[in-house]
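Enquirer: Mind having a look at this structure? Questions to follow.
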Amino acid sequence: MYNKTLTKVALRYRALFLDVNRRDIDMQSEATVPVLAFVARLMKNGFCVSEELLHALNAVSADELLDITECIDDVMGVNLNWAPLVKGWDVPTGESLADHLITLIANIFGEEAGFKGTRLPCGHLIPEGTFPLERYNGCPFCGKPFVTTDFVYKGQGSKLRELRLFTLEDLKHVYDSLLTSPTPLDGTQKDTLELLLREFDLPDDVDITMKETAMLVVKLLVEQDRAEEASKLLKTPVDVLRYLWYEKTGYVQIIEPKTLIAHARWAYAHIWEPLDLGADAAACMKQKLMLKYDRKACLRVAKWLNAIPMTARQAAESMHSKRGMWVRMIRALRLGEYSRKEGFGHLAEILDVFYRQDYTTWQGRVDKARTANDADTTLALLKERPGLFARCLFASMLRFGSEKVLAAFEEVADQLPARLLLSLGNAAEAYFDPKEQRLARPITGVTYKLEPNKLLALYDDEARQSMVAAVDGLYKSSMSRRFAAQPTESKTIYVDPALYDIPISVGDRSATVQDASCALMGTRFPVEGDAVRLFLQWGKGLPAQHLDMDLSARIELQEGIEECAYYNLTCTGAKHSGDIRSIPDMVGTAEYIELSMPELEKAGARYVAFSCNAYSTGVLALNLVVGWMNSAHEMKVSEKTGVAYDPSCVQHMVRISEGNLSKGLIFGVLDVAKREIIWLEMPFLAQTLRGADSGAIEALLHKVESKLTIGQLLDMKAEAQHLTAVESAGDADEAYTYEWALNPAEVSKLLTTE
């Protein structure tokens with residue numbers, strides 16, 4: 001039976017879901033007429049099917065094939081409005097700043113002052129001799145579109161993406177891999193897990209190691225009135241607070257109220273004062289965060305805390321870092337009242353210790369020892385909590401000396417999750433280089449540059465390089481021991497060459513949702529043709545209103561930087577389709593930028609950064625879709641409507657999901673010399689591309705490029721387990737293909753310690 005949710009999930013893994021049994025597929029069957037028509041429709045959207053899927057489709061009814069086609073059209077946005085502001089925008093309209101100034105004056109003084117022209121449906125008067133109105137789908141002055149269309153080009157793509165067969169067994173495997181992922185889930189994985197939790201039962205013996213993943217499961221159990229089962233996943237007061245805050249804000253991380261309020265003020269600020277709603281947004285966020293719980297919720301939380309398997313002092317200490325939030329929560333949840341009831345003795349003890357502050361904090365003891373420059377005590381305390389030791393390892397090496405610190409760290413290194421060790425290996429080179437810019441991406445999603453540690457000045461280049469080498473050797477030796485300890489009967493291994501270009505997803509999580517693929521951040525996409533076409537589509541499902549999103553490109557040339565954006569529609573190697581500031585009813589609107597590879601190469605361009613921004617107050621619009629198209633064949637632009645979208649040419653696209661906190665997003669970088677596009681995400685708080693820091697973009701690129709790749713990690717596994725590499729997946733005992741890497745949660749299993 002057709003299931004739209006499972007079909008959408010399977011498409012993220014380049015597959016189609018069919019409710020069939022693989023053993024029942026007749027691999028000798030001939031394709032039926034409906035199947036041939038279905039495959040032809042798929043090719044128009046840029047997809048083809050594997051042999052197994054082709055034969056499996058013969059058992060599917062024509063009605064179900066139609067449903068699947070409509071689902072793919074929906075995912076690819078085929079039925080939305082892709083008409084931009086300018087018709088045939090690949091030929092510039094020649095509009096200038098003077099046209100806008102003259103039009104502004106004409107609309108201030110009106111026809112009474114002698115201005116003649118055309119009055120548009122939006123009410124603006126366009127004077128004669130300014131904008132060539134026959135070239136526009138809307139008002140060139142205010143950016144309001146008057147024309148919509150459901151037409152898109154199809155079949156221009158030069159490369160088809162093969163879809164595999166996914167059965168219920170395959171989807172349940174994805175479901176289990178997401179639940180047990182040893183690394184935090186990115187935006188796509190989180191959204192996928194939330195969808196699958198509604199379709200499949202929770203396994204009885206599932207081992208959920210990530211706290212953020214556990215919150216998604218707890219929410220489902222609470223909705224199903226199975227709160228007692230949820231208590232098994234809430235092992236500390238921090239876990240309880242994390243769930244309460246996730247329930248309140250929708251974020252699986254604990255973001256303090258002051259941070260959310262400040263972020264709302266920044267996000268709704270505007271460079272034009274009359275549109276600055278920052279103060280109102282901050283007040284609304286403060287009101288939203290008011291704590292109100294009914295008796296049922298209060299009792300549920302009281303039972304959870306009462307069942308915490310920690311001593312009262314341990315629990316109170318874990319609550320200390322968020323003491324202010326806990327004081328508010330305790331009051332709002334009436335925990336003092338429940339602690340006096342029979343059967344809540346442990347809760348009463350926790351609250352008593354917490355309010356009397358009859359405990360010492362581990363962090364306080366570490367800070368005291370570090371301030372006193374007591375290396376032995378500091379390191380002894382850090383070894384008690386290896387995870388926190390890893391997070392301050394580099395700073396401790398600079399303060400107390402690398403030899404002593406690394407010796408202490410090596411004693412506990414094998415107790416750490418492998419993802420933390422890989423993070424150390426990836427970050428060491430940048431941290432110990434005083435000239436290298438480092439980036440921090442806090443849970444609000446905005447990217448910041450960090451200044452180098454001042455203690456680096458105490459060491460010369462040779463000493464700093466030796467520290468990098470020591471960290472590199474430490475994490476590699478630990479990973480080698482872990483792989484060697486894993487039992488295996490395999491003798492041979494196959495590693496797809498493409499995996500050597502895909503970095504391990506540790507430390508940088510994408511917050512967007514990929515509905516048509518599942519690529520890891522840092523994946524490189526080759527440019528096959530002479531044009532790269534960026535696209536931005538927003539407003540799906542929303543009523544007509546002013547909602548201004550902008551698509552921009554920053555081009556680094558030898559003599560400086562040029563920008564292609566709403567304020568500069570043409571520049572070296574780039575053309576923009578026009579600035580739209582309002583959306584039509586329900587179907588959204590679009591902007592494009594076309595990049596000419598020959599022109600960029602001739603101009604000596606180094607790279608081009610792709611950006612989308614919310615010029616309107618607030619953050620990027622929900623369900624906004626952004627990406628790029630590429631094809632070895634020429635991609636058309638409609639002279640009648642300006643439509644330039646073709647799903648068969650889409651190389652990568654992402655969707656802004658609920659909970660997005662950024663106002664701007666760098667979503668890709670074109671390396672002109674290598675003819676490659678690196679997919680990455682760098683959120684920032686700015687209304688235009690000019691608010692993005694060039695240095696931060698460079699730093700993020702360097703960070704992605706210096707990361708350990710999947711292929712390199714598999715080579716470490718092969719060496720530790722004495723596996724022989726073979727050139728064919730079919731000849732290998734263990735085959736790691738590009739299709740396998742489409743499931744990042746499956747890739748993350750390489751990082752398990754078992």
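The values are calculated or read from the model by the stated rules, or taken from the named source; none is laboratory data. Owing to the predicted nature of the structure, the values given are computational and were not obtained by experimental measurement. Here Cβ is always computed from backbone atoms with ideal geometry, including for glycine, and neighbour counts include all displayed protein chains. Only protein heavy atoms, including side chains, enter the accessible area calculation; ligands, DNA and RNA are left aside. Shrake-Rupley method; radii C 1.70, N 1.55, O 1.52, S 1.80 Å.
Enquirer: When ligands, DNA and RNA are left out and all protein chains stay put, how many square angstrom of accessible area per residue does region 390-531 have with a 1.4 Å probe?
Expert: Averaged over the residues of region 390-531, the accessible area is 45 Å².
Enquirer: For Cα pairs less than 8 Å apart in space and 6+ apart in sequence, what is the mean separation divided by the residue count of the chain, i.e. the relative contact order in percent? Present the calculation step by step, with values, prior to reporting the outcome.
Expert: Working: 1378 pairs, mean separation 141.0, N = 754.
That works out to 19 percent.
Enquirer: Treating only the Cβ atoms of Lys and Arg (+1) and Asp and Glu (-1) as charged, compute the dipole magnitude of the chain about its Cα centre; round to the nearest 20 debye.
Expert: Roughly 2840 debye, rounded to the nearest 20.
Enquirer: Right, something else. Whole-Hz Karplus ³J(HN,Hα) for region 422-433, in order, using 6.51 cos²θ - 1.76 cosθ + 1.60 and θ = phi - 60°, x for Gly and Pro?
Expert: Calculated HN-Hα couplings, in order: 5, 4, 5, x, 5, 8, 4, 4, 5, 5, 8, 9 Hz.
Enquirer: Separate question: Lysines near Lys303 by alpha-carbon distance under 22 Å, same-chain residues fewer than 8 away left out - which ones?
Expert: Cα-Cα hits under 22 Å: Lys211, Lys219, Lys232, Lys235, Lys248, Lys292, Lys322, Lys341.
Enquirer: Using Cα centres only, tell me the gap between region 1-73 and region 629-682 in whole Å.
Expert: 27 Å
Enquirer: Now a separate question. Taking the convex hull of the alpha carbon atoms in region 91-186, what volume per residue do you get, in Å³?
Expert: Dividing the Cα hull volume of region 91-186 by its residues yields 246 Å³.
Enquirer: Stick to the Cα atoms of region 592-748, pair each with every other, and give me the Kirkwood hydrodynamic radius in Å at one decimal.
Expert: Mean inverse Cα-Cα distance, inverted, gives 18.9 Å.
Enquirer: For Tyr738 paired with Ala463, estimate the spin-label separation in nm (one decimal), with each label point 7 Å from Cα along the Cα-to-Cβ line.
Expert: Those two pseudo-labels are separated by 4.8 nm.
Enquirer: Please check which bits of region 177-215 a label hung off Asp414 would reach, taking the label as a point 7 Å along Cα-to-C-beta and the cut-off as backbone N under 18 Å.
Expert: none
Enquirer: Using a 1.4 Å probe on the protein heavy atoms only, what accessible surface does Lys703 show? Give it in Å² to the nearest 10.
Expert: Lys703 exposes around 70 Å² with every protein chain in place.
Enquirer: Please give me the summed charge of the neighbours of Leu534: other residues whose Cβ is under 10 Å from its Cβ, Lys and Arg +1, Asp and Glu -1.
Expert: -1
Enquirer: Can I ask one more? Work out the charge dipole of the chain with +1 on the Cβ of Lys and Arg and -1 on the Cβ of Asp and Glu about the Cα centre, then indicate which of Phe525, Ala718, Leu569 is farthest towards its positive end.
Expert: Value: Leu569.
Enquirer: Not counting ligands, DNA or RNA, and with a 1.4 Å probe, what is His173's accessible surface area in Å² rounded to the nearest 10?
Expert: 90 Å²
Enquirer: What list of ³J(HN,Hα) couplings, whole Hz, do you get for region 238-243 from phi and the Karplus terms 6.51, -1.76, 1.60, once you set θ to phi - 60° and write x for glycine and proline?
Expert: So the J values, rounded to whole Hz, are 4, 4, 5, 5, 4, 5.
Enquirer: Which whole-Hz ³J(HN,Hα) couplings does region 538-545 yield from phi under the Karplus relation 6.51 cos²θ - 1.76 cosθ + 1.60, θ = phi - 60°, glycine and proline marked x?
Expert: 8, x, 4, x, 10, x, 4, 5
Enquirer: Report the calculated FRET efficiency for Ala485 and Asn373 (r = Cβ-Cβ distance, R0 = 56 Å), to the nearest 0.05. Let's see the in-between values first.
Expert: Working: r = 38 Å, r/R0 = 0.67.
The value I calculate is 0.90.
Enquirer: With a 1.4 Å probe and all protein chains kept in place, how do Val587, Val608, Val222 rank by accessible area, largest first?
Expert: Val587, Val222, Val608
Enquirer: Can you work out the PRE-style zone for Asp207? Point 7 Å along Cα to Cβ, and I want the residues of region 716-754 with backbone N under 20 Å.
Expert: Those under the cut-off are 745-754.
Enquirer: Follow-up. Please report the carbon-and-sulfur percent of the accessible area for the chain; probe 1.4 Å, protein heavy atoms only, DNA, RNA and ligands left out.
Expert: Carbon plus sulfur share of accessible area: 51 percent.
Enquirer: Can you give me the P(r) profile for region 5-44? Cα pairs, bins 5 angstrom wide beginning at 0, each as a whole percent.
Expert: Using 5 Å bins, I get a P(r) of 6, 18, 16, 30, 23, 7, 0 for region 5-44.
Enquirer: Go ahead and estimate [θ] at 222 nm for the chain from helices alone: -39,500 (n - 2.57) per DSSP H run with n ≥ 4, summed, over the residue count, rounded to 500.
Expert: Details: 29 runs with 299 residues, N = 754.
Rounded to the nearest 500, it is -12000 deg cm²/dmol.
Enquirer: If the chain between Gln224 and Ser321 were fully stretched, how many nm would it gain, using 0.36 nm times the residue separation less the Cα-Cα distance?
Expert: Numbers: separation 97, 0.36 × 97 = 34.92 nm, distance 3.16 nm.
Value of the extension gain: 31.8 nm.
Enquirer: Let me check something: with ligands and nucleic acids excluded, how do Arg690, Arg606, Arg164 order by accessible area (1.4 Å probe), largest to smallest?
Expert: Heavy-atom accessible area, descending, gives Arg690, Arg606, Arg164.
Enquirer: Just how large is the dipole of region 479-564 about the Cα centre, in debye to the nearest 20, putting +1 at every Lys and Arg Cβ and -1 at every Asp and Glu Cβ?
Expert: Dipole magnitude for region 479-564 comes out near 680 debye.
Enquirer: Test of understanding: what is the full-extension gain from Arg161 to Gln558, defined as 0.36 nm times their sequence separation minus their Cα-Cα distance?
Expert: 139.3 nm
Enquirer: Turning to a different aspect of this structure: Considering only the other residues whose Cβ falls under 11 Å of the Cβ of Glu594, what net charge follows from Lys and Arg at +1 and Asp and Glu at -1?
Expert: The answer is -1.
Enquirer: Specify which residue in the list Thr118, Ile105, Pro132 is farthest towards the positive end of the charge dipole of region 91-171, using unit charges on the beta carbon of Lys, Arg (+1) and Asp, Glu (-1), about the Cα centre.
Expert: Projecting each Cα onto the dipole axis, the largest value belongs to Pro132.
Enquirer: Using just the Cα positions, wrap region 15-74 in a convex hull and report its mean projected area in square nanometres, one decimal place.
Expert: 3.9 nm²
Enquirer: Which far-off residues, 5 or more places away or on another chain, put their amide H under 5 Å from the one on Ala735, with H placed in the peptide plane?
Expert: Long-range HN contacts for Ala735: Tyr494.
Enquirer: Measuring with a 1.4 Å probe in the full set of protein chains, what accessible area per residue, in whole Å², belongs to region 144-265? Write out the running numbers ahead of the final one.
Expert: Numbers: 5250 Å² over 122 residues.
Per residue, region 144-265 has an accessible area of 43 Å².
Enquirer: Let me ask you something else. Quick one: length gained pulling Lys235 to Leu455 fully straight, 0.36 nm per residue minus the C-alpha distance?
Expert: This chain segment gains 75.4 nm when fully extended.
Enquirer: Could I ask something else about it? Can you list residues whose amide H is under 5 Å from Gly138's amide H, if they're 5+ apart or on another chain and H is modeled 1.01 Å from N?
Expert: Residues meeting the amide H criterion: Phe146.
Enquirer: Roughly how many nanometres apart are two label points built 7 Å out from the Cα toward the Cβ at Leu36 and Leu388?
Expert: Between Leu36 and Leu388, the simple spin-label model gives 6.9 nm.
Enquirer: Take Asp501, Asp201, Asp186 and sort them by solvent-accessible surface of the protein heavy atoms, 1.4 Å probe, largest at the top.
Expert: Asp201, Asp501, Asp186
Enquirer: Note down the relative contact order for region 359-415 as a percent, whole number, built from C-alpha pairs under 8 angstrom at least six residues apart.
Expert: Here the relative contact order equals 28 percent.
Enquirer: How compact is region 504-592 by the rule of thumb for globular proteins, expressed as Cα Rg over 2.2 N^0.38 Å?
Expert: 1.33
Enquirer: I've got another one for you. Put a dot 7 Å past each Cα toward the Cβ at Ser477 and Phe200; how far apart are the dots in nm?
Expert: If labels sit at Phe200 and Ser477, their model points lie 4.0 nm apart.
Enquirer: Given Cα pairs under 8 Å that are at least 6 residues apart, what percent is the relative contact order of region 82-137? Present the calculation step by step, with values, prior to reporting the outcome.
Expert: Details: 46 pairs, mean separation 26.3, N = 56.
Value for region 82-137: 47 percent.
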